[in-house]
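The values are calculated or read from the model by the stated rules, or taken from the named source; none is laboratory data. Note that the structure is predicted; figures quoted are calculated from it, not measured. Cβ placement follows ideal geometry from the backbone for every residue including glycine, while neighbour counts extend to all protein chains displayed.
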């Protein structure tokens with residue numbers, strides 16, 4: 001509940017205070033994608049849960065432990081990843097940098113995207129960010145691989161969904 005007291009002597013001060021209190025804590029809202037990229041995103045045939053997770057990732061609205069710890073420290077006493085305990089569970093760590101999840105991405109990239117590209121673990125987050133932000137002008141996906149009817153974005157979305165589900169089951 002937001003309690004606001006109007007200041008009759010200085011209404012401008014009251015308005016300014018109200019705006020400060022109701023302002024988004026994350027600053028101005030900038031779209032993470034341009035309109036053509038949004039069109040591509042919404043036109044992809046994806047499971048609803050996969051699209052929702054991807055959408056939340058685009059907007060940095062993922063409930064990772066570092067965020068949960070800052071908001072509910074009694075329920076989440078540590079910001080560390082509960083899977084690997086080696087790093088703070090930021091959004092990047094949650095999806096890409098946690099060692100077991102990074103191993104999943106490396107397997108997916110070599111098995112379903114392109115086995116001829118040597119993916120270096122430190123490059124994986126950058127490659128995945130460029131896929132989920134539609135920054136690749138051409139597909140990296142080799143059409144001779146299994147599930148060739150899926151785009152690299154569909155493979156990405158379904159892997160994202162799998163990582164999300166396994167994370168919250170553990």
(request) Test residue 128 against the criterion of being part of a helix (DSSP H, G or I) and closer than 26 Å to residue 39 by Cβ, and give yes or no. (result) yes
(request) May I ask you to say which residue of 58, 68, 140 is over 20 Å from residue 170 (Cα atoms) and at pLDDT 90 or above? (result) 58
(request) Using the structure shown, decide if residue 139 is under 22 Å from residue 37 (Cα atoms) and assigned to a loop (DSSP other than H, G, I, E, B). (result) yes
(message) Against the conditions (1) modelled with pLDDT of 85 or more; (2) farther than 27 Å from residue 77 by Cα; (3) in contact with a helix residue (DSSP H, G or I) (Cβ under 7 Å, 6 or more places away or on another chain), where does residue 53 fall short? Just the number, please.
(response) (2)
(message) Here's a check for you: in region 56-77, which residue that is under 22 Å from residue 154 (Cβ atoms) and touching a residue at least 12 places away in the same chain (Cβ under 8 Å) is nearest to the chain's Cα centre (by Cα)?
(response) 57
(message) If residue 83 satisfies all but one of (1) over 17 Å from the mean Cα position of the chain (by Cα); (2) over 18 Å from residue 168 (Cβ atoms), what's the number of the condition it fails?
(response) (2)
(request) Output yes when any residue across region 22-32 is modelled with pLDDT under 90, surrounded by fewer than 11 Cβ atoms within 10 Å (Cβ to Cβ), at positive phi and over 16 Å from the mean Cα position of the chain (by Cα), and no when none is. (result) yes
(request) May I ask you to list pairs of residues, at least six apart or on different chains, whose Cβ atoms are under 9 Å apart, with the first in region 149-168 being on the phi > 0 side of the Ramachandran plot and the second being surrounded by fewer than 19 Cβ atoms within 10 Å (Cβ to Cβ) and outside any helix (DSSP H, G or I)? (result) none
